[in-house]
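Below you'll find the structure, written out as structure tokens, and then a few comments.
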Amino acid sequence: MQKLIVKGKKNLTGVIKISGSKNATLPILAASILNDNRIELNNVPLVNDVFTMVKLLKHIGSNIKIDLKRKKIFIHNKNKIFETLAPYSLLKTMRAGVIVLGPLLSKFRVAKVSLPGGCAIGTRPVDIHLFGLKKLGARIKIKNGYILAEAKNGLIGTKIRLPSISVGATENVIIAASYAKGTTYIKNCACEPEILNLIDFLKSMGVKIVWLGKRYIKIVGNKDLKSLKHQIMFDRIEAGTFIIAGALTSKKLVVSKIVPKVIKKELKILKKMGVNLKIKKKHVTVFGTKNIKPISINTEPYPGFPTDLQAQIMVLMTKANGVSTIKENIFENRFMHVPELNRMGAKIKILGNKSFIFGPQELNGAEVMATDLRASVSLVLAGLIANNKTVINRVYHLDRGYEGLEKKIRKCKGSISRSN
Ligand code: UD1
């Protein structure tokens, strides 16, 4: 199994170009099932989750090509009959595969999709996805680890109030409603920037979607969809990760190809911690910061502070002058990086869904284990500031969601390498 070796105490300096968003690409690829005409996606991140979704689409009959050099995906389904089965083998490594349920069901009136595999950060059920699809008229059964869904007369627009805020369920229901007969109103939906990017994609395809309130949208279904080109938005979590890396290690690091106003909350919190930032329209310059102030944060659905950046900011908190706290409100088991950070010399205590980070602490290199995507990158950040060498096991988590991480760090004079 591959490992990453990070040598700490090197100043990162230069420009980091942020890639396209994995979490925007996955639902957009799922939504492509609805459309038989040509689709071109630009700024696609070359990460394993995207490759898995491409495999899944190929499996169900999609005519999809990925241009690695130009980071584009071309899809042209031409009325092909789809296989409406999404197998366990493809969903066990990537939970987001369940987003093909809505479009398959909406277009082909039947779908069999594996229940997603287990997940380190929490139980992550799909009940809200199924709730929304049932409201649209689907009959759903769970059998032998599969979701069996059917809508003999097609899905029909209706009024839905999602019982709690879920990014994936909102995406699944929006996509399904886009091809349903009539108009759907969804209340209590997630409004993450990736959902806005998905909505832009669906609108360019010819679906009428209007925001009626902050968490309230109207979708007028349309089966007559057209060709389109679409730009995948920047990866806001990768951007936040590198801005934190800059605060920890750099004299001056430019994080570019982003739209800073999308990450307003994160930038505000970093500023409160004393991080020296220069914010422009399409990039942020971050200067290394010696005097980091402690802070208390809660993870929340957008526009709150993202759970996907919790592990990374925790590393910055180990350098703050005092006690910081993080309350994790989204996933029940998302502090798996804490014991690993403590092994490197951090002093972090967990009480229920709250962690207390006692700073400042000097971190020392150690052999550590990555447990999920964002936990892995937090260990890379810790390795970058630690004394000596840090060895990170189970790198495959990182490869699911960070494009060219090592290359980007090396380009900015960080020391990171991979070994078998
Ligand atoms: C997405 C992101 C993930 C991010 C998360 C929260 C993708 C591919 N992944 O995951 O990176 O960390 O949003 O911002 O975009 N829940 C239920 N029932 C459901 C669905 C969700 O109880 O049917 C719960 C989950 O267990 C979790 C909470 O709702 O506690 C939020 O999860 P959700 O927003 O659905 O996350 P994902 O879409 O899986």
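The values are calculated or read from the model by the stated rules, or taken from the named source; none is laboratory data. This one's a predicted model, so the numbers in the text were calculated from it and none came from an experiment. Cβ: placed from backbone, ideal geometry, glycine included. Neighbour counts: every protein chain shown.
Okay, here's what the table says:
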read-out	value
Filter result for Lys251 (within 16 Å of Ile385 (Cα to Cα) and more than 21 Å from the chain's Cα centre (by Cα))	yes
Wholly within segment 213-326, strands (runs of 3 or more DSSP E) carrying at least 1 residues that are touching a residue at least 12 places away in the same chain (Cβ under 8 Å), out of contact with any strand residue (DSSP E or B) (no Cβ under 8 Å at 6 or more places or on another chain) and basic (Lys, Arg)	none
Residues of segment 145-178 that turn out to be part of a strand (DSSP E or B), within 16 Å of the ligand (Cβ to nearest atom) and under 21 Å from Asp224 (Cβ atoms), as a count	0
Criterion: within 16 Å of the ligand (Cβ to nearest atom), crowded, with 17+ Cβ neighbours inside 10 Å and modelled with pLDDT of 95 or more - qualifying residue of Ile297, Ile243, Ile269	Ile297
Members of segment 78-112 found to be outside any helix (DSSP H, G or I), at negative phi, away from the ligand (no atom under 16 Å from the Cβ) and at pLDDT below 95, listed by number	Lys80, Ile81, Phe82, Glu83, Thr84, Leu85, Pro87
Verdict on Lys354 being modelled with pLDDT of 95 or more and either under 21 Å from the mean Cα position of the chain (by Cα) or within 20 Å of Val275 (Cα to Cα) (or both)	no
From Ile39, Ile64, Ile73, residue being among the β-branched types (Val, Ile, Thr), touching a residue at least 60 places away in the same chain (Cβ under 8 Å) and either outside the structural domain of Arg394 (by TED's automatic domain parsing) or within 15 Å of the ligand (Cβ to nearest atom) (or both)	Ile39
Residues within segment 76-92 that are in contact with a helix residue (DSSP H, G or I) (Cβ under 6 Å, 6 or more places away or on another chain) and either farther than 15 Å from Lys58 by Cα or outside the structural domain of Leu56 (by TED's automatic domain parsing) (or both), tallied	0
Sole residue being within 24 Å of Ile416 (Cβ to Cβ) and either within 12 Å of the ligand (Cβ to nearest atom) or surrounded by fewer than 24 Cβ atoms within 10 Å (Cβ to Cβ) (or both), chosen from Lys55, Lys17	Lys17
Near pairs, Cβ below 6 angstrom, 6+ apart or cross-chain, from segment 182-197 (on the phi > 0 side of the Ramachandran plot and in contact (Cβ under 8 Å) with a residue 24 or more places away in the chain) to any residue that is surrounded by fewer than 21 Cβ atoms within 10 Å (Cβ to Cβ) and of a type in the set (S, T, N, Q)	none
Checklist (1) within 27 Å of Ile385 (Cα to Cα); (2) part of a loop (DSSP other than H, G, I, E, B) applied to Val15, failing item	(2)
Criterion: without any contact (Cβ under 8 Å) to a residue 24 or more places away in the chain, in contact with a helix residue (DSSP H, G or I) (Cβ under 9 Å, 6 or more places away or on another chain) and either part of a loop (DSSP other than H, G, I, E, B) or within 16 Å of the ligand (Cβ to nearest atom) (or both) - qualifying residue of Phe331, Phe335	Phe335
Top-ranked residue of segment 118-144 - restricted to ones that are closer than 20 Å to Ala180 by Cα and either acidic (Asp, Glu) or in a strand (DSSP E or B) (or both), ranked as farthest from the ligand (Cβ to nearest atom)	Arg139
Some residue of segment 23-34 being surrounded by 17 or more Cβ atoms within 10 Å (Cβ to Cβ) and assigned to a loop (DSSP other than H, G, I, E, B)	no
Filter result for Val323 (assigned by TED's automatic domain parsing to the domain that holds Gly246, away from the ligand (no atom under 16 Å from the Cβ) and in contact with a Phe, Trp or Tyr (Cβ under 6 Å, 6 or more places away or on another chain))	yes
Failed item in (1) within 14 Å of the ligand (Cβ to nearest atom); (2) among the polar types (S, T, N, Q); (3) touching a residue at least 60 places away in the same chain (Cβ under 8 Å), with Asn387 passing the rest	(1)
Unique residue being under 22 Å from the mean Cα position of the chain (by Cα) and on the phi < 0 side of the Ramachandran plot when the list is Lys69, Lys7, Lys55, Lys3	Lys55
